[in-house]
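This report refers to the structure that appears directly beneath it.
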Amino acid sequence: MHVIDYIIVAVFLIGLLILGWWLSKRAGKSTDEFILAGRNMPWWLAGASLLATNLNASSMLQDSRKIRQDGIGGLWFTWRSMITSAIGSVFFSRLWRRAGFVTQMEFYHCRYHGRGADVARTFDSVIYGIIVSAMWASIGLVGMKKIAAVLLGMPPEFMFINMMWDTDIVVIVFLLVITLVYSAASGVHGVVWTDMVEGAIALIATYILLIMVLSDVGGPAQLRQDLIAHADGEMLLSLMPTVGAVFVFFIVFSLMEQGGYNPHIQRSLCLKNEREVMLTSLYSEILNRVFKAWPYYICGLAGIFLVSDSYLLENFNPGIGPDGSPIADYEMVFPALVKQYLPVGLTGLMAAGFLSAFMSSFDTNIHNSTSIFTNDIYRAYVAKDKSEKHYVLASRIYMIAITVLAAGIGIMVNDILYLFMFAINVMQSVGMIKLLRFVWWRSNIWGELSAQVCSIIITVLMLMGTMDVAAEWLVGVFDVELNNDTKWVARTSLLWFSSTAVSLLVVLLTPPEPMDKLVEFYERVRPFGFWGPVRKHTTVQYEASDSLPWLSALSISIITTVLALIFIFMGVLLAWWVVVMWSLPFAVVGGLLYHLAIRKLYPKV
């Protein structure tokens with residue numbers, strides 16, 4: 001980087017600090033402002049924040065690696081979360097907003113009774129609110145370590161004031177101090193507004209790189225021809241995973257992983273009403289799955305011809321293969337292209353883009369973690385009935401602690417994709433009980449607690465590597481190809497079915513929740529599903545927003561529209577015009593169905 005590039009980065013960082021300081025007085029009024037922005041956040045701002053949250057510096061590296069090693073079909077690992085989000089926002093996120101919770105962990109005292117609800121709430125607050133949030137935050141740190149190594153050209157260690165300093169640690173500490181200052185000062189107000197600015201900068205920088213890379217490989221048509229002629233061309237351009245069962249699993253699992261903790265739900269709790277949750281859903285998914293991702297995907301494919309394995313092995317720390325041999329680290333392809341193609345000035349803009357992507361994801365995760373700690377641990381059990389200023393101060397102090405934890409994970413781990421998959425597995429280790437508690441009145445606190453105990457055992461087995469061994473055995477039993485996706489699917493299936501079986505058995509062997517508790521929950525949330533015995537004791541009136549056919553149509557419209565736009569972008573960027581022609585009608589029909597469904601569900605708004 002040139003001195004001009006450093007000036008651009010410095011101006012960007014100073015601007016963020018000024019914005020955080022400007023919003024700090026508003027955030028310091030109360031925890032309602034600090035955590036929920038007064039429940040008055042507009043849908044377009046929430047959607048832009050969700051884009052920036054997913055626009056992690058690690059995703060640039062991770063996504064370009066994924067498509068290079070597994071082809072377009074390997075992206076279903078990422079796209080399945082779009083299906084999960086479309087279903088979750090329509091059928092669940094709106095219920096979280098309807099309930100009016102401050103955080104998701106308040107669910108336990110609304111749905112269950114007794115001391116068991118305290119235990120379950122505290123358990124999930126620690127596991128998801130602290131540990132998993134720290135893992136998500138640390139993923140960006142791992143990405144920034146790798147990016148700094150390329151852009152700054154720094155050695156693993158350097159001498160300063162007669163002392164040897166570890167480069168990774170210095171980079172992490174610098175980034176965390178800047179992010180922590182404006183996040184702790186301004187709360188969710190600062191997080192969402194800086195997210196919007198950071199997201200815009202990151203998008204501009206990545207699209208500039210996309211144009212330069214495409215130009216060097218001869219344009220979209222030439223890139224596609226080169227891919228067709230490549231030895232792995234069929235795999236690289238396949239629209240489906242190489243193993244059909246993987247695709248089926250991704251679709252089915254999108255249904256099964258509903259109802260649990262999702263850091264994006266916290267944004268839904270900040271919105272004005274349920275309709276705004278629906279608007280945010282489509283808007284954020286288009287931004288995330290279409291506009292954000294394709295520069296990384298195309299750079300990953302073009303990198304096959306522009307950044308060789310031998311170059312990666314020679315210039316960057318290699319990974320270790322199953323047989324112990326060194327393998328090229330494909331997560332270094334994207335930063336290598338940045339270094340190779342961007343001139344002075346644009347390199348600084350891209351560096352600011354990397355910082356934007358990291359900060360926007362990191363600040364959201366530590367803010368979500370802080371919200372849960374303050375509301376569900378500190379205020380609920382440690383320091384009750386204190387002033388609002390006391391809780392805001394406690395939130396800011398806790399932010400420092402969760403930042404230190406995330407930094408520790410970021411220093412120890414160096415594989416982004418592995419950490420990403422592991423974090424997802426930890427969240428899924430409780431099985432189906434999170435879905436059942438919404439749709440089945442019979443689900444009780446004992447099923448929830450038994451699933452939580454199972455999740456601890458499963459997580460320990462994952463850390464020991466036992467789950468990986470079992471997953472490889474399962475792949476061998478079904479005689480399918482062993483790759484990243486099949487191994488992840490096998491591991492996820494084992495842990496999910498184990499916890500689900502245990503929790504279901506416990507639910508059937510123990511009594512249901514007291515009827516008065518179930519009636520209170522039903523009248524507050526109005527969940528769908530198997531609630532017949534409870535409905536008999538309520539006087540809740542049917543509303544248009546509870547129409548299951550129109551809710552289903554809305555969810556289908558989001559999936560159809562976003563998938564069609566994904567393939568339209570792919571078709572344009574790879575000159576694959578047949579795909580564009582087939583996808584356009586689906587995008588139009590999906591958009592019209594979405595508009596109609598919104599009008600039917602919320603006619604009074």
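Quick one: which residues, 5+ away or cross-chain, put their amide H under 5 Å from the amide H of Ile327? H built at 1.01 Å from N.
Under 5 Å from the amide H of Ile327: Gly319, Ile320, Gly321.
Hey, got the dipole for the chain? About the Cα centre, +1 on K and R Cβ, -1 on D and E Cβ, debye to the nearest 20?
The dipole magnitude comes to about 2300 debye.
Which whole-number percentage describes the relative contact order of the chain, with Cα contacts under 8 Å and a sequence gap of 6 or more?
27 percent
In deg cm²/dmol, rounded to 500, what helix-only [θ] at 222 nm does the chain give when every DSSP H run of at least 4 residues adds -39500 (n - 2.57) and the total is split over its residues?
Dividing the helical sum by the residues of the chain leaves -23500 deg cm²/dmol.
Calculate log10 I(q)/I(0) of region 459-522 for q = 0.14, 0.29 Å⁻¹, where I(q) comes from the Debye formula with a single equal point scatterer on each Cα and nothing for solvent.
-0.57, -1.16
Of Phe420, Gln104, Leu405, which is farthest towards the positive pole of the chain's charge dipole, taken about the Cα centre with +1 and -1 on the beta-carbons of Lys, Arg and Asp, Glu respectively?
Going by the Cα projections, it comes out as Gln104.
Can you compute the equivalent ellipsoid semi-axes for region 543-605, i.e. the square root of 5 times each eigenvalue of the Cα gyration tensor, sorted largest first and rounded to whole Å?
On the way: eigenvalues 175, 15, 11 Å².
The equivalent ellipsoid of region 543-605 has semi-axes of 30, 9, 7 Å.
Tally Lys/Arg at +1 and Asp/Glu at -1 over every other residue whose Cβ is under 14 Å from the Cβ of Thr364; what's the total?
-2
Taking 0.36 nm per intervening residue step and subtracting the Cα-Cα distance, what contour gain separates Arg599 from Gln340 on full extension?
88.3 nm
So what are region 337-380's ellipsoid semi-axes, whole angstrom, largest first, if each one is the square root of 5 times an eigenvalue of the alpha-carbon gyration tensor? Don't jump to the answer; show the numbers that get you there.
Details: eigenvalues 288, 10, 3 Å².
Each semi-axis is √(5λ); the values are 38, 7, 4 Å.
Restricting attention to the alpha-carbon atoms of the chain, what are Rg (one decimal) and Dmax (integer), both in Å?
In order Rg, Dmax, the Cα atoms of the chain give 23.9, 76 Å.
Which one of Val173, Gln62, Ile131 has its Cα pushed farthest toward the positive end of the charge dipole of the chain, where Lys and Arg give +1 and Asp and Glu give -1 at the Cβ?
Value computed over the given set: Ile131.
Based on the Cβ-Cβ distance from Val578 to Asp385, what FRET efficiency comes out when R0 is 56 Å, to the nearest 0.05?
With R0 = 56 Å, the Cβ-Cβ based efficiency is 0.30.
Please find the FRET efficiency linking Ala544 to Val453, where r is the Cβ-Cβ separation and R0 is fixed at 41 Å, and quote it to the nearest 0.05.
0.50
Placing unit charges on C-beta atoms (Lys and Arg positive, Asp and Glu negative, everything else neutral), compute the dipole magnitude of region 227-305 about its Cα centre in debye, rounded to 20.
Roughly 300 debye, rounded to the nearest 20.
Read the figures in this text as sums done on the coordinates, not as results from a lab. Quantities reported herein were computed from a predicted structural model and do not represent experimental measurements. Cβ sites come from the backbone with ideal geometry, for glycine too, and all protein chains shown count toward neighbours.
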